[in-house]
Every structure is written in structure tokens, then in C-alpha cells.
1. Taking segment 85-115 as the search range and keeping residues that are within 23 Å of K72 (Cβ to Cβ) and among the β-branched types (V, I, T), which one is modelled with the lowest pLDDT?
2. So which pairs qualify, if the first residue must be in segment 76-98 and within 14 Å of H53 (Cβ to Cβ), the second must be outside any strand (DSSP E or B) and among the small types (G, A, S), the Cβ gap must be under 6 Å, and the two must be at least 6 apart or on different chains?
3. Looking at this structure, is T67 modelled with pLDDT of 95 or more, surrounded by 15 or more Cβ atoms within 10 Å (Cβ to Cβ) and β-branched (V, I, T)?
4. Could you count how many residues in segment 44-62 are over 20 Å from K106 (Cα atoms) and free of Cβ contacts under 8 Å to residues at least 40 places away in the same chain?
5. Name the single residue, out of those in segment 102-121 being in contact with a helix residue (DSSP H, G or I) (Cβ under 8 Å, 6 or more places away or on another chain) and of a type in the set (S, T, N, Q), that is surrounded by the fewest Cβ atoms within 10 Å (Cβ to Cβ).
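The values are calculated or read from the model by the stated rules, or taken from the named source; none is laboratory data. Since we're looking at a predicted model, the values are computed, not measured. Please note: Cβ atoms are built from the backbone with ideal geometry, for glycine as well, and neighbour counts cover all protein chains shown.
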Amino acid sequence: MNFLPSSKKKLSLVLTSVALAALSGLSANVMAADIDADAAQALAKKSNCFKCHAVDKKKDGPTFKETAGKYKGKADAEEKLFIHLTTNPKVKIDGKEEEHTGAKTKNDADVRNLARWILSR
């Protein structure tokens, strides 16, 4: 058992809290660093995503910010968006049902990068 004097206990708790906060920030930065924004945008352009979507301007489809907000805090967000980008599901546009065009690549890592980029908006 550790019987540190009160001031040393407080200092120890403060240092531990600072270390945990720093690690949390590092973790978020590592996740952000895992996104290749240029590659994601190139795939979105190649896949014609920008025809119906934009980062923050409303078009026929939801903005990427709206999509990110919809999935915020959900553990399965990347997986759900990955499935959406690879299965060509039916979507409603102006009351009509249409097939959503998927990402134009067979590389799962590239699609996951695109999903993470959309979710980071």
C-alpha cells in the first residue's frame, strides 16, 4: 500500500490525469493521421460522390457533415458506412428510389479510408 503524504498524493493524481489526457489526445491524433484525405477525396471524385454529396453544401444526398453527425459516437459507424459504400443500396432521392453508386474500387482499405474521411467531417 502506498501512504504518500497528502500533497504528494495530489501531485501524483494530477500527473496521472495529465498523462491520461495527453494519451487520449495522442490517440485522437493517431486516428486522424490514419486518414489519407487526398486519397479519400480522389476516390470520392472518381466514384462521382460529389455529384450528389458535398462536405457542407446540400445537394441531392446528405452532406458529409450530416452523415458524420448521424454516426457520431456510434461504435459501428465505420462499418455501416463501409457497407453503404460497397453494396449499392437503394436510396430515396426526391421521393424516387434509386440505387446508390458504390465506391469505384475493390480495395477495402481505400473504402475504409473514405468512410473515415467522411466521418471526420
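1. Among those residues, the one meeting the criterion is V91.
2. Going by the 6 Å Cβ cut-off, the qualifying pairs are L81/A115; L85/G102; L85/A103.
3. It is true that T67 is modelled with pLDDT of 95 or more, surrounded by 15 or more Cβ atoms within 10 Å (Cβ to Cβ) and β-branched (V, I, T).
4. 9
5. Result: S120.
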